[in-house]
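Below is one structure, written out as structure tokens; the observations come after it.
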Amino acid sequence: MSDNEIYRFGGFRLEAGQRRLWHGQEPVDLPPKVFDTLLLLLRRAGLLITRDEFFACLWPNTVVTEASLGRHIWQVRKALERDAGVDYVQTVPKQGYRFVGEVEREAAAAAPALAPAAFPPPAAVPVPEPEEPTIAAEPAPPASPVPLPSPASTPTSPHPRRLWPTLAAGLLLAAAGTGGYLWLRPAAPAAAVAPVNPLAEAAVSRIAVFDFLPAPGAAAGDAWLSSALPELLAQELALNDGLQVINGQRLAELLPLPPGRAPDSAALLRMSRQLGLRLAMVGRYRAAPGQGADGLSLELDVLDAASGERLQQLRIDGDRRHPAALIAAAGAQVRDRLQLPRLSTAIERTRGATTSDDVALLRDYADGVQALRRGELGTAQSKLDAAVKRAPGFLPGQLALTRTLMQQGYHPRAGAVARAALAHAGAAPREIRLALEALMYEADRSWPQAIETYRALYRFYPEDIEYGLGLARAQSQGGELKEAQASLTDLRRNHGNADPRIDLAQTAIAEAQGDYAAERDAGDRALRSARTLRAPHLIGNALLERGWGRNALGDQPGALADYRAARAQFEQIGDAIGQARSDVNLGGWYYERGDFARAGDLYQRALDLFESAGMKASQAAALQNLANIDWAQDRRPAARQKTETLLQLSRELGDPDRESWTLSALAALQFDMGETAAAMASYRQALAIAERSGLQPRRSWALRGLGDVLRQRGEYAQSRELLDQALAIERRTRDYEGQAEAQFRIGQLLHDQGRLAQARKQLLDARERQSDHQQDYWGSVTGLELAALSVDEGQANAALKELDRIEPALRESQAQIELAQAAGIRAEALVALQQIPAARAALEPALAYLHNHGDGIDALTIQLSHARVLAAEGKRDQAAAVLDQVLQHAQRRELGGLVAQVEQRRREWLSPAAAQAGR
């Protein structure tokens with residue numbers, strides 16, 4: 001639209017080209033941005049202009065608040081008050097504004113060409129000719145420009161924009177979002193092509209820039225150029241509004257290609273149909289003939305993604321010592337052939353933040369991003385560290401390093417790198433600054449700030465699905481689950497349902513809500529769309545998510561099949577990190593069902609893969625699981641060694657969540673090994689970290705653990721208070737497994753207090769939840785307490801039936817301590833039935849366990865069973881000696897509750913009345 005138009009309304013006349021407003025014969029002075037606000041309202045008279053449209057049009061390179069827009073609207077209204085009694089600007093609550101007066105528009109006869117207003121749709125603005133580059137830009141055989149029309153049937157976006165190709169903040173997410181399709185036709189003769197501005201008449205165009213291939217004649221030492229040149233070219237093209245660029249790791253996750261292979265037409269067609277990809281660019285490089293020893297020739301093919309047809313072929317000759325100039329020349333050719341606007345002087349000034357002529361820097365950067373793509377995070381960190389130290393102002397290196405550190409789990413350091421990068425980002429485009437801020441806040445776990453930054457990014461660049469996904473992720477992490485769901489709903493409205501990443505994000509929200517059916521269904525939808533796209537990484541991720549939902553819903557075969565299929569998928573494409581993640585899920589499946597040996601093998605394999613990849617946080621998770629295995633199989637020293645190593649690693653990572661968990665695990669081990677005071681201190685430290693960091697699940701676990709210690713110390717009131725707090729947290733967060741454990745602990749407490757009926761209710765509720773979630777092992781542990789409760793209730797036969805039911809699962813789990821406890825409870829039940837020889841026989845496995853493992857806290861309960869059998873056999877002195885031994889242990893460990901139980905058992909079993917009854 002021309003800026004030479006004139007608008008008349010009421011007593012006013014606005015001359016757009018001259019940037020003047022008149023009321024009658026009197027000029028009305030308006031600040032520039034207020035004038036632009038009024039002009040936008042007049043150009044869209046009668047139509048609602050949303051707040052987001054105002055922000056994108058009036059402040060395309062600045063982050064402003066809602067108050068700024070409100071002040072400008074107020075100033076417009078103030079200026080138009082000269083027409084008394086007329087309110088030209090209507091407020092649409094919570095949406096935007098509309099110009100409601102009658103407007104006449106006419107063209108000026110001969111308005112001088114001035115700078116356009118700062119809102120779209122802008123025409124191409126002439127800019128000064130760039131300085132002569134230091135390389136000769138020689139195109140390949142002539143080809144005419146390619147116009148970019150948009151079919152009338154395709155919805156277009158009013159705010160075309162670009163995608164910075166290195167700003168993928170989310171883990172394991174790839175590709176641009178869906179949007180309006182822009183169909184290309186083969187190049188026509190130049191005379192037959194009318195100039196078309198794609199920004200004015202087309203929606204956002206998406207182009208994939210694939211790694212370049214060495215052509216015959218390429219030097220062996222130039223292999224680093226395969227990734228360095230496309231990275232730089234992607235950054236160069238991303239300077240253009242209206243061109244979204246997909247490249248590097250994000251593209252490799254969508255379409256992994258073997259080395260030396262270009263994409264085929266079928267793959268491009270799938271990306272075109274499902275993700276709105278319009279163009280693809282493949283390139284080759286070789287030594288440039290006649291350009292000297294450092295001459296380098298770059299050949300580029302621009303392909304129609306829908307047909308695979310080559311639309312343009314370009315050749316740029318330059319000097320390998322000046323890659324930035326080579327890429328600038330390539331970008332100029334691409335813009336010329338695709339009828340894209342030239343870069344303004346202001347945008348050209350920002351180029352220095354995203355490119356470089358430092359060959360050593362670019363080598364390190366290229367090696368780093370390639371290692372990151374292969375999942376070799378340790379190597380990636382080393383190379384990117386070197387690049388950042390060499391050139392702190394090279395922002396692609398800073399962004400890649402930040403992302404690498406976050407994937408490794410070094411969140412505090414990642415935040416520090418992002419903050420340092422922002423100090424060098426003053427001259428960078430707004431988008432790259434905001435993206436750095438978003439990563440910084442994510443690394444710092446400052447979720448309110450992360451949410452606001454992603455909201456700004458998505459408001460300014462609504463066509464970029466990455467920022468919408470980032471907003472939903474930050475909202476979910478920050479506990480704003482309803483808001484996260486609303487963000488995904490908005491993404492579906494703007495991008496459709498074909499992008500599997502939207503449903504993958506849905507699985508995380510559903511899991512946080514405890515809605516496992518929704519998690520399974522979202523994983524299934526993601527799997528279908530990922531298979532249609534043939535995106536192997538996304539297929540694997542979708543299988544893992546669907547499997548997790550299936551497992552939580554009790555579909556054990558389905559979950560196992562999904563986990564195995566995911567591992568096979570990742571193995572097929574050589575994704576070691578994906579294989580390790582699959583092993584963790586498989587290990588968890590077997591662990592929950594008590595198959596500790598198989599779970600341990602899977603966790604160890606995952607640990608080895610994570611260590612090789614340099615993924616510290618995931619390595620910590622696998623180590624944590626292996627410590628659980630050692631503990632469940634009564635390998636206390638090994639479990640403690642792993643736990644102490646894990647605590648050091650958690651502190652190295654600066655991870656309060658894992659540090660709190662590890663301290664609770666260490667406290668449980670300390671308590672089991674007789675270090676009661678140290679255990680209480682560790683639990684309280686874990687609780688303090690969880691409360692300080694707002695980690696409700698970790699707070700609940702520390703409360704449960706500390707409450708259990710207080711129970712065994714006989715401090716029942718304080719124990720119940722902590723356990724009730726834990727149960728309230730689990731109910732609030734809808735963690736059903738945590739609820740089951742809290743109820744189990746409360747049932748134990750009530751049992752110790754002699755409130756047997758109430759204890760049974762809590763234990764049955766706990767077991768019902770465990771059964772619902774297929775927790776066979778933990779259901780068996782609860783069954784042990786129910787069996788012991790039945791003995792105390794005088795229901796010995798019920799106790800035996802309970803033991804018959806749970807012992808097969810305990811044997812399958814190889815749970816030695818629980819099997820020994822079951823033997824002791826069986827012996828007590830048989831004593832109650834006066835079957836003394838059978839009780840002695842039943843006790844033998846428990847005594848064998850005591851011979852090798854007599855120092856744990858759980859062993860004390862077996863010794864009580866032994867004392868009961870001895871008393872029933874008439875061996876009162878031996879029974880008293882065993883009770884004395886238990887009493888000494890309990891007193892040394894400051895377990896007042898157990899002391900009271902020993903004294904009660906002494907009265908019941910060894911008093912004269914008990915002896916008379918035995919006779």
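Of note:
- Residue in region 671-684 that is closer than 26 Å to GLN407 by Cβ and free of Cβ contacts under 8 Å to residues at least 60 places away in the same chain present: no
- Note on region 325-359: among residues that are crowded, with 16+ Cβ neighbours inside 10 Å and among the basic types (Lys, Arg), the one that is modelled with the lowest pLDDT is ARG351.
- For ASP877, the conditions (1) surrounded by 22 or more Cβ atoms within 10 Å (Cβ to Cβ); (2) farther than 30 Å from PRO637 by Cα are fulfilled apart from (1).
- Region 498-522: number of residues that are part of a helix (DSSP H, G or I), among the acidic types (Asp, Glu) and over 24 Å from ARG273 (Cβ atoms): 2
- All of (1) farther than 23 Å from LEU819 by Cβ; (2) surrounded by fewer than 20 Cβ atoms within 10 Å (Cβ to Cβ); (3) at pLDDT 90 or above hold for GLN885 with one exception: (1).
- Of all the residues in region 277-310, those that are closer than 30 Å to ALA498 by Cα and surrounded by fewer than 19 Cβ atoms within 10 Å (Cβ to Cβ) number 5.
Residues are listed down the side, and each one gets a yes or a no for (1) among the polar types (S, T, N, Q); (2) over 20 Å from the mean Cα position of the chain (by Cα); (3) crowded, with 23+ Cβ neighbours inside 10 Å:
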| residue | (1), (2), (3) |
| --- | --- |
| ASP499 | no, no, yes |
| ALA517 | no, yes, no |
| ASN551 | yes, yes, yes |
| ASP555 | no, yes, no |
| ARG564 | no, yes, no |
| GLN572 | yes, yes, no |
| GLU592 | no, yes, no |
| ALA597 | no, yes, no |
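- Residue in region 888-902 that is free of Cβ contacts under 8 Å to residues at least 40 places away in the same chain, in a helix (DSSP H, G or I), buried (at least 18 other Cβ atoms within 10 Å of the Cβ) and among the polar types (S, T, N, Q) present: no
- Candidate set from region 791-814 (those that are among the polar types (S, T, N, Q) and within 47 Å of the chain's Cα centre (by Cα)); member that is surrounded by the fewest Cβ atoms within 10 Å (Cβ to Cβ): GLN814
- If you go through region 1-17 and keep only what is in contact with a strand residue (DSSP E or B) (Cβ under 9 Å, 6 or more places away or on another chain) and surrounded by fewer than 17 Cβ atoms within 10 Å (Cβ to Cβ), you end up with SER2, ARG8, GLY10, GLY11, GLU15.
- Residue tally, condition in contact with a Gly (Cβ under 8 Å, 6 or more places away or on another chain), among the hydrophobic types (A, V, I, L, M, F, W, C), closer than 18 Å to THR355 by Cβ and surrounded by 21 or more Cβ atoms within 10 Å (Cβ to Cβ), over region 366-392: 4
- Test for ALA443: is it part of a helix (DSSP H, G or I) and touching a residue at least 60 places away in the same chain (Cβ under 8 Å): no
- Selected residue (only one of ILE825, ILE817 is under 27 Å from ARG598 (Cβ atoms), surrounded by 16 or more Cβ atoms within 10 Å (Cβ to Cβ) and of a type in the set (Val, Ile, Thr)): ILE817
- Residue in region 335-348 that is in contact with a strand residue (DSSP E or B) (Cβ under 8 Å, 6 or more places away or on another chain) and assigned to a helix (DSSP H, G or I) present: yes
- Filtered residue count, region 766-804, keeping only those that are modelled with pLDDT under 85 and acidic (Asp, Glu): 2
- Residue match in region 280-293 (condition: in contact with a Lys or Arg (Cβ under 8 Å, 6 or more places away or on another chain) and of a type in the set (A, V, I, L, M)): no
- Note on region 757-777: residues that are without any contact (Cβ under 8 Å) to a residue 60 or more places away in the chain and within 42 Å of the chain's Cα centre (by Cα) total 13.
- The set of residues in region 78-106 being surrounded by 15 or more Cβ atoms within 10 Å (Cβ to Cβ) and basic (Lys, Arg) consists of ARG98 alone.
- Hey, ARG335 of a type in the set (D, E, K, R) and under 26 Å from ALA380 (Cα atoms) or not: no
- If you check LEU225, LEU255, LEU243 for being within 30 Å of the chain's Cα centre (by Cα), closer than 30 Å to GLN572 by Cα and not aromatic (Phe, Trp, Tyr), only one passes: LEU255.
- Count of region 447-491 residues which are of a type in the set (D, E, K, R), over 19 Å from GLU511 (Cβ atoms) and surrounded by fewer than 21 Cβ atoms within 10 Å (Cβ to Cβ): 4
- Residue check for LEU491: assigned to a helix (DSSP H, G or I), farther than 21 Å from LEU586 by Cα and touching a residue at least 12 places away in the same chain (Cβ under 8 Å): yes
The values are calculated or read from the model by the stated rules, or taken from the named source; none is laboratory data. Predicted model, so just to flag it, every value in this text is computed and none were measured. A quick note on method: Cβ atoms are made from the backbone with ideal geometry, for glycine too, and the neighbour counts reach across all protein chains shown.
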